[in-house]
Number of protein chains: 2
Amino acid sequence: MTHIDTSAFMACPVTEIAKLDGSMENIKTRMELLIMRIQGEMCRALEDADGGKFVVEKWSRSEGGGGITCVMQDSTVFEKAGVNVSVVSGVLPPAAAQQMRVRHKELSEGNLHFFAAGISSVLHPRNPNVPTLHFNYRYFEVDDSSTGKKHWWFGGGTDLTPYILVEEDVVYFHTQLKLACDRHGNDFYSKYKKWCDEYFFITHRGEARGVGGIFFDDLDTPNHDEIFKFVTSCAESVKPSYIPIVLKNKDLDYSDADRQWQLLRRGRYVEFNLIYDRGTKFGLFTPDARIESILMSLPLIARWEYCHKPSPGSKEAKIMEVFVNPRDWI
Amino acid sequence: MTHIDTSAFMACPVTEIAKLDGSMENIKTRMELLIMRIQGEMCRALEDADGGKFVVEKWSRSEGGGGITCVMQDSTVFEKAGVNVSVVSGVLPPAAAQQMRVRHKELSEGNLHFFAAGISSVLHPRNPNVPTLHFNYRYFEVDDSSTGKKHWWFGGGTDLTPYILVEEDVVYFHTQLKLACDRHGNDFYSKYKKWCDEYFFITHRGEARGVGGIFFDDLDTPNHDEIFKFVTSCAESVKPSYIPIVLKNKDLDYSDADRQWQLLRRGRYVEFNLIYDRGTKFGLFTPDARIESILMSLPLIARWEYCHKPSPGSKEAKIMEVFVNPRDWI
């Protein structure tokens, strides 16, 4: 008899149940079960808020592993909502390896075998009063065949992109993330809040993509167990940090001008994801990757107006001020 | 008295008239006057086809040079049309220098002074029966302070992105480009047609962005004069290769399905420009660059549908076949 209850998952895990069951202490197994659980919990909560249903697709990679992509598109509350789990392994393709060596100088020029398990989600609501949410939590292992060394790290984050600034919502969101961080380290929130502001920055525009949240990468101390607990808290904080903001704002009225502004900011979201985002680039450089799951993060519609400038004193100008000068919310 | 007639230009050239006038044989001057003339001719022809007017903005860079950006947005025939001239110089920023060294191994790690003059244009019509056009012709000089050597080259191309396949239009377009090429070399068209198919390829999708045209880069033989004449022919062929296609198709009826498909293909256009395009990346990595002029190439609206697949036998499937397997049109 298995110890694994899959009833709340969106699909069977990527790895065979028997294999997971026989390795319950293994960090790979723990991570896969965590992301499967979080995917199930988020999708159910989003379905409750929306009234729609996620389409679930299970896919596999010829080289090893696969994933479960859940998408709800053109629905009532969500214009495009994706919650994607992937558990993949293989040899790092040259372009992806080179990108990884920029941050991981310890990796040799030889063959790099990798394992990656992560959950990645972008939720684009239709109503401009409801912010877009992104979260991603991942565990990475690289076996360096030249040196015989194994490297591993965790990364992730949760960040919010509102179109109309409601300060109390942003404070609420950051407070939830801080609660999760505080359980694991006094300085975690301030450290990872700052990292988030730096990471989700559209350099060529000189502006943040949203109001931030938390972000970290390459975490490998003190040990698997401690970091896994921290990552678990972060992943569990996504639902309470976001769903109440959706429910509070989803039925508010909005104008066509609000909608056009939202589409314009979605254009900025596209710029960030295609030009800067590590996960997206890593995915696009990986042959045999499932492109539709990677680019699921792009909005249904985006807009680029030449030289758009919000008029002084407008709602748009107010939120731009926060994007250009990221604020401390707590 | 000056020899330069600026009456057909969209604005005064970037370089002072007196300076241009005193260096009429200089390749920099010749290139600047060529791109100013082509900008004027294209903008007038597009205004005639559309009925609207280009907004002309002259901008300058603190480090040296500037440009003239002409944009017609949300107009009758064109949803977004940009024809941009820039004449800039300075020291290559590290990120741009590194990108350039990938192709130009001869460039040292020292300071690189550069000069660049080019015309760049993307024309996005509203009606899905009218293809999007891109063209770009540029001259580059790099002074390598470590070696004391001066490097120079020309690059450019013209390519077409239809949404609905009208074979006779594509053949007409390629024929015009071939005529321009044939005046300068027997194998120019076939060589640069192939290069275009390879360059404007969305690798992660395994498909071309459109039906190609011509593309070349790093041309530096046999000499300035010969290549300048070739580039002049190419730039002069843009108007006759495209305007008749606009006039022929601009008043055709289209369905909402045609429009949605066009927006989806525009999403692919955004992917190409932000992920692969050299000119865009070079611009984004150059501090103090005019971002709005660089990203003028992005469409007014783009769409990303998860796992969109044209139904077999449809118009969409027919044109996809051409994107996946680029064809010889002549």
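No lab work stands behind these numbers, since they all come straight from the coordinates. All of these numbers come straight from a predicted model, not from anything done at the bench. All Cβ positions, even for glycine, are placed from backbone atoms using ideal geometry, and neighbour counts span all protein chains on display.
Shielding value for A:309-316 is 0, the average number of Cβ atoms from other chains within 10 Å of each residue's Cβ.
Panel order for B:HIS204, B:HIS174, A:HIS184, B:HIS124, by other beta carbons found within 10 Å of each beta carbon, from fewest to most: A:HIS184, B:HIS204, B:HIS174, B:HIS124.
Ranked from shortest, the separations from the 7 Å Cα-to-Cβ label point of B:LYS105 to its equivalents in the other copies are 2.7 nm. Reported to the nearest whole Å, the Cα centre-to-centre distance from the stretch B:38-58 to the stretch A:12-34 is 62. On a straight-distance basis, which lysines could pair with A:LYS239 in a cross-link, Cα separation under 24 angstrom, same-chain partners fewer than 8 positions away excluded? Of all the lysines, those that pass the test against A:LYS239 - Cα under 24 Å, at least 8 places apart if same chain - are A:LYS28, A:LYS53, A:LYS58, A:LYS80, A:LYS178, A:LYS191, A:LYS193, A:LYS194, A:LYS229, A:LYS248, A:LYS250. Residue and whole-Å distance for the chain B Cβ lying nearest the axis of the B-onto-A rotation are B:LEU274, 2. How far is helix A:188-199 tilted, in degrees, relative to the longest principal axis of the Cα atoms in chain A, given as a value from 0 to 90 rounded to the nearest 10? With both axes taken from Cα atoms, the answer is about 70 degrees.
Electrostatic tally near B:GLY110: other residues with Cβ closer than 12 Å to its Cβ, Lys and Arg +1, Asp and Glu -1, net -1. Quick one: net charge of B:GLY52's neighbours, Cβ under 14 Å, K/R +1, D/E -1? Surrounding charge for B:GLY52 is 0.
Distances from B:LYS53 to the same position in the other copies: list them in nm, one decimal, shortest first, using label points 7 Å from Cα along Cα→Cβ. Result, one decimal in nm: 5.6. The mean number of partner chain beta-carbon atoms within 10 angstrom of a residue's beta-carbon across peptide A:69-79 is 1. Compute the helix-to-body angle for B:27-50: its Cα long axis versus the longest principal axis of chain B, expressed 0 to 90° and rounded to tens. Relative to chain B, helix B:27-50 is tipped by roughly 30 degrees. To the nearest 10 degrees, how steep is helix B:256-275 against the longest Cα principal axis of chain B, on a 0 to 90 scale? It works out to around 30 degrees. Across identical copies of the chain, A:ASP328 has label-point separations of 6.9 nm, listed in ascending order, with the point defined 7 angstrom from Cα along Cα→Cβ.
Put simply, when B:305-316, B:265-276 are sorted by average Cβ atoms within 10 angstrom per residue, most first, you get B:265-276, B:305-316. In terms of its C-alpha gyration tensor, the stretch B:20-156 has a prolate overall shape, because the principal axis ratio a/c (a ≥ b ≥ c, square roots of the eigenvalues) is not below 1.5 and a/b outweighs b/c. Among B:THR161, B:THR76, A:THR221, a tally of other beta-carbon atoms within 10 Å of each Cβ gives an order, fewest to most, of A:THR221, B:THR76, B:THR161. Under the definition of partner shielding as Cβ atoms of other protein chains within 10 Å of a residue Cβ, what is the mean value for peptide B:288-301? Across B:288-301, the average partner-chain Cβ count within 10 Å equals 4. Across the stretch B:17-324, the mean sequence separation of Cα contacts (distance under 8 Å, 6 or more residues apart), normalised by length, yields a relative contact order of 17 percent.
Under the combined filter of DSSP loop state and at most 14 neighbouring Cβ atoms within 10 Å, the stretch B:139-225 retains none of its GluC sites (Glu not before Pro).
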